[in-house]
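Visitor: This is the structure, below, for whatever I ask next.
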Amino acid sequence: MAQTPPGRGRDPQTVTADRSRDMRIAFVGLGIMGSPMAVHLQQAGHDVVGYNRTPAKAQPLVDAGGTAAASVAEAVTGADVVAVMVPDSPDVVDVLAGDDGVFANARPGTLVIDFSSIRPDVTADLAAQARERGFRLLDAPVSGGQAGAQNASLSIMVGGSAEDFDAARPVLDVVGSTVVHVGPAGSGQTVKAANQLIVAGNIGLLAEAILFLEAYGVDTAAAVRVLGGGLAGSTVLDQKAQKMLDRSFEPGFRVDLHHKDLGIVTSAARAADVPVPLGATVAQLMGAARAQGDGDLDHSALFRTLARLAGREP
Ligand code: NAP
């Protein structure tokens, strides 16, 4: 498929024209990521029925022509595909395998795509349960942040069978621009853990660099502009530097969620006997950000923790 350069979202109208299909899709979890993804799927010609624990968050989907369901059971009844986008491993276990969940209510054979970022071992267990109960499960965690969800330009790392991956393409290609099958069940989550390791390290070093520049009274806007054009340039710098300069940390991707992901990567790396010393350090700093009360802020608020360490304005 055509690839969109990172950071350059596609026009949603193009998505609609190129990728129109007609499937009934249940979408569970309409938060910062799930809501725009569900809207894109509806706009692409699918029939999307959304469920969110807090019902008001289904409004953008309804405004786009989709339907709001009152329960997971209602959403998944008659669905061809079930998409899930909730925070953590216990949430996905609850939504899929709980008494009122997907496995108990969807029709056997349904393709289930879990976009959430969770533990690879939990995903592998759920995939085995799904198989036993006649369902097909893909782990399809995403990267690209809120902007990637809004622009339908997510990077999606998919674990599961090649056949199920092919069947999921009409859904995945609507919300993502880099969609890659990376291996069997759980592999998508392993790749996502690596992604979160890289992103957290980048954020920590960007924060340190900005504090360093501010301490020297450099024109930080000019500095960020020139840094972005060289080897120090990155999507993290493009998306997060201004937030740090402005001390504006509305999420985005919450510190609490990145803390969860760094717990996944440090324990999975330990289980594989792979030391991740830089990752362990940034995991401690992310934990400190949460302990300091910044858990609901964007992960770029790691800046505040480093600023406090430096005795500077957070
Ligand atoms: P979010 O805004 O907190 O949305 C999560 C949604 O899941 C909320 O609507 C929440 O309902 C619902 N939910 C939570 N627990 C649930 C449960 N036990 N059962 C049913 N629904 C439940 O989070 P998000 O930022 O969209 O993140 C979702 C996933 O995407 C996470 O795994 C995250 O790590 C991953 N991710 C996020 C980003 C990002 O930039 N935000 C980027 C890449 C990946 P309520 O409305 O009732 O709370």
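Visitor: Once phi is turned into θ = phi - 60°, what whole-Hz ³J(HN,Hα) does the Karplus curve with 6.51, -1.76 and 1.60 give for every residue of the range 190-200, x standing for Gly and Pro?
Guide: 5, 5, 5, 4, 4, 4, 5, 4, 5, 5, 5
Visitor: Another one. For the range 242-255, just list the computed ³J(HN,Hα) in residue order, Karplus coefficients 6.51, -1.76 and 1.60, θ = phi - 60°, integers in Hz, with x standing in for Gly and Pro.
Guide: 5, 4, 5, 4, 8, 6, 10, 10, 5, x, x, 10, 6, 3
Visitor: Could you give me the ³J(HN,Hα) list for the range 51-61, computed from phi with Karplus coefficients 6.51, -1.76, 1.60 and θ = phi - 60°, whole Hz, x at Gly and Pro?
Guide: Listing the rounded values in order: 10, 9, 3, 8, x, 4, 6, 7, 4, x, 5 Hz.
Visitor: Between Arg53 and Ala222, what length comes free when the chain is fully extended (0.36 nm per residue of separation minus the Cα-Cα distance, one decimal in nm)? Mind showing how you got there, number by number?
Guide: Working: separation 169, 0.36 × 169 = 60.84 nm, distance 4.41 nm.
Separation in residues times 0.36 nm, less the Cα-Cα distance, equals 56.4 nm.
Visitor: Calculate how steeply helix 34-43 sits against the longest principal axis of the alpha-carbon atoms of the chain, using the helix alpha-carbon long axis, and give the answer as 0 to 90 degrees to the nearest 10.
Guide: Helix 34-43 and the main axis of the chain meet at about 50 degrees.
Visitor: Can you put Tyr216, Tyr51 in order of Cβ neighbours within 10 angstrom, beginning with the fewest? Before the final figure, lay out each step's value.
Guide: Working: Tyr216 8, Tyr51 26.
Taking fewest neighbouring Cβ atoms as first place, the list is Tyr216, Tyr51.
Visitor: Still on this structure, I have one more. Taking every DSSP beta bridge with both residues inside the range 56-201, roughly what % is antiparallel (nearest 5)? Before the final figure, lay out each step's value.
Guide: Values: 3 of 17 bridges.
Looking only at bridges with both residues in the range 56-201, the antiparallel portion is about 20 percent.
Visitor: Right, something else. Send over the Kirkwood Rh of the chain, from the inverse of the averaged 1/r over different Cα pairs, rounded to one decimal Å.
Guide: Values: mean 1/r = 0.0498 Å⁻¹.
It works out to 20.1 Å.
Visitor: Given H placed 1.01 Å from N in the peptide plane, which residues other than close sequence neighbours of Phe27 have an amide H under 5 Å from its amide H?
Guide: Val49, Gly50, Tyr51, Ala83
Visitor: Still on this model: Please compute the modelled spin-label separation between Arg247 and Arg131, points set 7 Å along Cα→Cβ, answer in nm with one decimal.
Guide: It is 5.4 nm.
Visitor: OK, next. Name the residue from His259, Thr281, Met244 whose Cα lies farthest towards the positive end of the charge dipole of the range 228-314, charges +1 on Cβ of Lys and Arg and -1 on Cβ of Asp and Glu.
Guide: Thr281
Visitor: Here's a follow-up. Taking 30 Å as R0, compute the FRET efficiency from the Cβ-Cβ separation of Ala291 and Ser161 and round it to 0.05. List each step's numbers first, then the result.
Guide: Details: r = 41 Å, r/R0 = 1.37.
The calculated FRET efficiency here is 0.15.
Visitor: Let me ask something else. Based only on other Cβ atoms within 10 Å, what is the fewest-to-most ordering of Ser300, Ser143?
Guide: Values: Ser300 25, Ser143 21.
Taking fewest neighbouring Cβ atoms as first place, the list is Ser143, Ser300.
Visitor: Calculate the length of the line joining the C-alpha centroid of the range 289-314 to that of the range 204-228, in whole Å.
Guide: What the calculation gives is 17 Å, centre to centre.
Visitor: Let me ask another. Mind checking the dipole of the chain: about its Cα centre, +1 per Lys or Arg Cβ, -1 per Asp or Glu Cβ, Debye to the nearest 20? Before the final figure, lay out the partial values.
Guide: On the way: 25 positive and 34 negative charges, 89 e Å.
Value, rounded to 20: 420 debye.
Visitor: Among Ile156, Ile198, which comes first, second and so on when ranked by fewest other beta-carbon atoms within 10 Å? Each step should come with its number before you reach the end.
Guide: Details: Ile156 27, Ile198 14.
The order, fewest Cβ neighbours first, is Ile198, Ile156.
Visitor: Continuing with the same structure: Which one of Gly29, Gly101, Ala79 is farthest out on the positive end of the charge dipole of the chain, using unit charges on Cβ (Lys, Arg +1; Asp, Glu -1) and the Cα centre as origin?
Guide: Gly29
Only the coordinates and a few stated rules stand behind these numbers; no lab work does. Being a predicted model, the structure only gives us computed values, none of them experimental. All Cβ positions, even for glycine, are placed from backbone atoms using ideal geometry, and neighbour counts span all protein chains on display.
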